[in-house]
Every structure is written in C-alpha cells, then in structure tokens.
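What follows is a short report on a single structure.
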Amino acid sequence: MPDQLHQLWLDPETAGKRADAAIAGLLDISRSAAAALCTAGHVTLNGKVVGKSDRLPDAGELEIRRSEERDPLEIVVEEVEDLKVLGDDDDFVVIDKPVGVAAHPSPGWVGPTVVGALAALGYRISTSGSAERAGIVHRLDVGTSGVMVVAKTEHAYTLLKRAFKERTVEKVYHALVQGLPDPLEGTIDAPIGRHPGYDWRFAVVEDGRNSVTHYKVIEAFGKASLVEVHLETGRTHQIRVHFAALRHPCAGDLTYGADPKLAAELGLTRQWLHAKKLGFDHPVTGKWVEYESEYPQDLAYALEALAEHRV
C-alpha cells in the first residue's frame, strides 16, 4: 500500500480542471506522474476513484495516496554498455539501441532507458516534451533493437515529431518471420487496436487505427524467411501484429504465436526484429541523412544457424 496520504480541499480555482493537470500543480509533480496515480486508483474524491481525465468540481475532499518508492517516471542515469552512438549532431543524436532498453521511464518498467543512458553519456536534452521523455520523437519496443533518433533541441524536437507524424521519415526494419510469406513482396493494410482478450497485446481489429506495412522477402531459409519491412504507419507492435495476422509471426515472438521450439533452436529469447535503417530530413539544413545499424549478436546467430542448416 502507498505510504503517504495527501488530503486536499478543492476550491473554485480547480473547478473544471482535468484531474491529472490539477494534481500535478497541487503536488508539484509531472502531469504523467499525476496521471499514473489516477490510473492506479490512488486518487479519490469524496470516496470515489478519480480518473486522470475527469474534471474536478469546485468543492470536495480530494485524497491522494502516494508511495515512498521511487517515482516510476524518474529518469535514472545509468550507463548502457551496448548502446552505441551512430551519429552526434548539434540538433540530434542517433543511437543503436540494444534489446532490453526502454525508450523512456514508464510505470511498471524498472530497467534501463535511452533517456537515462544518454544522460549518463553527458547529453543534455532540452525540449517541451515531458521531462521523462526528453527528446523522444519515436520509440522502439524494449525487445526490439536498432537505430533510433533522439532530438537534442526544441527546434529539432518539433520538426522531427512532425516528420514522424507526416510519415516523411524512412523507417526500414528487418524481421525473421516463420515460414515463407506469399506473395514474396506485398503490403499488409489492416487496422490495429488493443487485443479484446489481453490488455498487453494488440491485434488486427475492425475498429482499430489505420496501419500499413510494406514488406519484401530478402532470403528464404525454409523454416523462416528474412524480410525487409518499410512502415507507412507506426502503431505499437505493428510489424509483430501484422505478420502474426498472416500466420507468419516473427521468430522468437512467443507473445504473438511464434513456435517456442524453433525459438529455442535459434537461441532466441525475444522477437527477431531489428530497426535496420532510419532516414530523415536534417531539421536545420533540410539535407537527407541516413543511419544504419548492424545485427546484434543474438539475431546474427539465429541467421547463421539457418544459413548453415543447423536448424
């Protein structure tokens, strides 16, 4: 149970304000942290749980329970040994993110983050985004490795966020998927939303968000195929969900139906998915820039095992 109890009496100044915004101001914490308290059920008004987007009245007793534990959105400065800097510009830094590293702090995640790793390397990010997401203009899943750009300045943050939103960024992934997709080159256009039966999963659903994935088979190994993927949209778990819907899940991706026996034979403890290349217009010069990332050891091993017919 949380250890601190804050009892606050509302007044006309809070009337009509969203709960997360008002609590952030009252407790001097980030809005994201305030929203996390609401989501966890730690905020009540006259005994009833308050949602983060609920509008507060002009009177009433607000109770907020907070734990003495570390703020889950606090940036922990921590070196990440395998994180490499691929490009260091005045306006942005491009990194090769290893598996097991989240883009930024979030409730429930206690491991290393890109934001914390860059802080450990001496980078100082200045943007209008949430403090715990400083400079983050796009994300890679914890279990996905590869190239990622982080904005250093407000100008770069604004333009890169816009570029990702307007889909002018070239995002190229390589994925090892089970079996052989038919056709060998194609487009998966299927809406993605929350899985109706699992909170932590996504799925192709009728009322989901528009999601488009272009792919081309690079090499077929029999049990699995290496494909190059170009994302037109950037939904959470998009590549994993789309290939799972085709019944060709990413090798090693047990969350989305991959064969655990094949994963073990390939030495995979995560999905075989890598952000291979990232290209975008430089936020200051407008010149097109591209960065590439090599396969990490675990993914390279799996490919070698297939190529040498050890699987």
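The values are calculated or read from the model by the stated rules, or taken from the named source; none is laboratory data. Model, not experiment: these values are computed from the prediction. So basically every Cβ, Gly included, is an ideal-geometry build from the backbone, and we count neighbours across all protein chains shown. Please note that ligands, DNA and RNA were not included when accessible areas were found on the heavy atoms of the full protein model with its side chains. Shrake-Rupley method; radii C 1.70, N 1.55, O 1.52, S 1.80 Å.
Using a simple spin-label model with pseudo-atoms 7 Å out from Cα toward Cβ, Glu79 and Thr236 lie 3.3 nm apart. Strictly greater than 27 Å: what percent of every Cα pair in the chain meets that? Everything past 27 Å amounts to 52 percent.
For Lys216 and Asp90, a Förster radius of 30 Å and the Cβ-Cβ distance give a FRET efficiency of 0.25, rounded to the nearest 0.05. Exposure check, 1.4 Å probe, all protein chains in place: Lys161 carries approximately 90 Å² of accessible surface. Subtracting the Cα-Cα distance of Glu166 and Glu265 from their residue separation scaled by 0.36 nm leaves 31.6 nm.
A Cβ-based charge dipole, computed about the Cα centre of the stretch 119-189 with Lys and Arg at +1 and Asp and Glu at -1, lands at about 480 debye. For the peptides 248-257, 107-116, the ranking by mean Cβ contacts within 10 Å, running from highest to lowest, is 248-257, 107-116. What percentage of the solvent-accessible surface of the stretch 152-207, computed with a 1.4 Å probe over protein heavy atoms, is contributed by carbon and sulfur atoms? The nonpolar share, carbon plus sulfur, comes to 50 percent. For the stretch 151-270, relative contact order (Cα pairs under 8 Å, six or more residues apart, normalised by length) works out to 24 percent.
From helices alone, the chain scores -5500 deg cm²/dmol at 222 nm; the rule is -39500 (n - 2.57) for each run of n ≥ 4 DSSP H residues, then divide by the residue total. Taking each residue as 0.36 nm, the span from Leu254 to Arg55 lengthens on full extension beyond its C-alpha to C-alpha distance by 67.6 nm. Shape summary: the stretch 1-122 maps onto an equivalent ellipsoid whose semi-axes, from the alpha-carbon gyration tensor, are 36, 15, 11 Å in decreasing order. So, R0 is 45 Å and r is the distance between the beta-carbons of Ser126 and Asn46; what FRET efficiency does that work out to, to 0.05? Between Ser126 and Asn46 the formula returns 0.65. Using 0.36 nm per residue and subtracting the Cα-Cα separation, the extra length available between Leu184 and Ala307 on full extension is 42.4 nm. Magnitude of the charge dipole for the chain, about its Cα centre and with charges confined to Cβ atoms of Lys, Arg (+1) and Asp, Glu (-1), is about 660 debye.
Among Lys223, Lys97, Lys165, the sequence by solvent-accessible area, most first, with a 1.4 Å probe is Lys165, Lys223, Lys97.
Taking the centroid of alpha carbons for each part, the stretch 1-37 and the stretch 235-294 are 39 Å apart. Model label points for Ala21 and Lys223, set 7 angstrom from Cα along the Cα-to-Cβ axis, are 5.5 nm apart.
Rolling a 1.4 angstrom probe over the protein heavy atoms with all chains in place gives the chain an accessible area of 51 Å² per residue. In this structure Ser126 has an accessible area near 80 Å², from a 1.4 Å probe over the protein heavy atoms.
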